[in-house]
Amino acid sequence: MRTATAAVAAFLTLTVWYGATCSAGAGTIKGTVRLAAGPVEVKKVKVTVDHTTCGTTKDAEDVVVSPDMGLRNAVVSLVTPPPDAKRSVAPTVQMDQKQCVFIPRVVIVPVGGTVEFLNGDRLLHNLHSASGGDNPTFNRTQPKGRAIPIAFRRPEIVRIDCDLHPWMRAWVVVAEHPFYALTNDKGEFALENVPPGAYTLQIWHEILPVVKKDVAVSDGTTAVTVEMVRK
């Protein structure tokens, strides 16, 4: 089971190091991504090996929503960033493996940044990436306690699996500019320090069709609600 502490820590880390450099008159795009559907049944995934550590079933995490249908783990970004966007230096982002689940399931790392993969379980995992070719693929065995840092050089969304535990899946979003945000457990997000102007938001989710939405930003807070639908 994921811990709330880990999820909050990941969200706060993103907020601290991935905000754009503040500019005078900049505004904030603050909003919620919701799933446009009825109640979502929590599906169970059967655990086939290593029951002592992994348990016997896992909640499927491909679609996670709050009671009011706020969608977790959606990535919101600007299609075209401001021309003078500057990024602060980013520390290493961490992704752990606990009780045979990647924590967090989705991370955002800037181009040239590093994800440090951890193994908090008392068993062997492996990290197997599925890249579209923009970043080199990797397939690394990982004993308990060993950290494996991987640098990502080009913008891309990279899927990460564990071949030893086939229900395990995670995503690394390699961002080409500072204006990316990950929705929290209520589907909320914020893009800060956005210069006034007209923009298009792009919302990505691992199994839902990409959504785009136009938004006008002033020097205050611009509220946005986005709905995503199943195919």
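The values are calculated or read from the model by the stated rules, or taken from the named source; none is laboratory data. Owing to the predicted nature of the structure, the values given are computational and were not obtained by experimental measurement. We place every Cβ from the backbone using ideal geometry, glycine too, and count neighbours over all the protein chains shown.
When you scan segment 16-29, do you find a residue that is out of contact with any His (no Cβ under 9 Å at 6 or more places or on another chain), assigned to a helix (DSSP H, G or I), at pLDDT 95 or above and not polar (S, T, N, Q), even just one? Checking segment 16-29: not a single residue is out of contact with any His (no Cβ under 9 Å at 6 or more places or on another chain), assigned to a helix (DSSP H, G or I), at pLDDT 95 or above and not polar (S, T, N, Q).
Residues that are closer than 26 Å to VAL194 by Cα, modelled with pLDDT of 95 or more and outside any loop (DSSP other than H, G, I, E, B) are absent from segment 44-63 altogether. Against the criterion of being modelled with pLDDT of 85 or more, out of contact with any strand residue (DSSP E or B) (no Cβ under 6 Å at 6 or more places or on another chain), surrounded by fewer than 19 Cβ atoms within 10 Å (Cβ to Cβ) and not in a strand (DSSP E or B), THR5 does not qualify.
Here the condition is being within 20 Å of HIS205 (Cα to Cα), among the charged types (D, E, K, R) and touching a Lys or Arg at 6+ places or on another chain (Cβ under 6 Å); of GLU41, GLU61, it holds for GLU61 alone. Please indicate, with yes or no, whether at least one residue in segment 130-139 is within 19 Å of THR48 (Cβ to Cβ), surrounded by 15 or more Cβ atoms within 10 Å (Cβ to Cβ), in contact with a Ser or Thr (Cβ under 7 Å, 6 or more places away or on another chain) and not aromatic (Phe, Trp, Tyr). No, because not a single residue in segment 130-139 is within 19 Å of THR48 (Cβ to Cβ), surrounded by 15 or more Cβ atoms within 10 Å (Cβ to Cβ), in contact with a Ser or Thr (Cβ under 7 Å, 6 or more places away or on another chain) and not aromatic (Phe, Trp, Tyr). Only one of the numbered conditions (1) over 17 Å from the mean Cα position of the chain (by Cα); (2) farther than 30 Å from ASN193 by Cα; (3) crowded, with 18+ Cβ neighbours inside 10 Å is violated by MET69, and that is (2). Only a single item in (1) touching a residue at least 60 places away in the same chain (Cβ under 8 Å); (2) touching a strand residue (DSSP E or B) at 6+ places or on another chain (Cβ under 7 Å) is not met by VAL229, and it is number (2).
Comparison of ALA90, ALA74, ALA36 shows that the only residue that is under 21 Å from PHE189 (Cβ atoms), surrounded by fewer than 20 Cβ atoms within 10 Å (Cβ to Cβ) and in contact (Cβ under 8 Å) with a residue 60 or more places away in the chain is ALA36. For segment 172-231, give me each residue that is touching an Asp or Glu at 6+ places or on another chain (Cβ under 6 Å) and crowded, with 21+ Cβ neighbours inside 10 Å. VAL174, the sole residue that qualifies. Residue pairs whose Cβ atoms lie under 8 Å apart, separated by 6 or more positions or on different chains, with the first residue in segment 97-110 and farther than 21 Å from LEU71 by Cα and surrounded by fewer than 22 Cβ atoms within 10 Å (Cβ to Cβ) and the second of a type in the set (D, E, K, R) and modelled with pLDDT of 95 or more, are LYS98/ASP121; GLN99/ASP121; CYS100/ASP50; CYS100/LYS58; CYS100/ASP121.
Strands (runs of 3 or more DSSP E) fully within segment 114-223 that include at least 2 residues being closer than 21 Å to LEU71 by Cβ: 156-161, 169-175, 180-182, 188-194, 197-204, 211-217.
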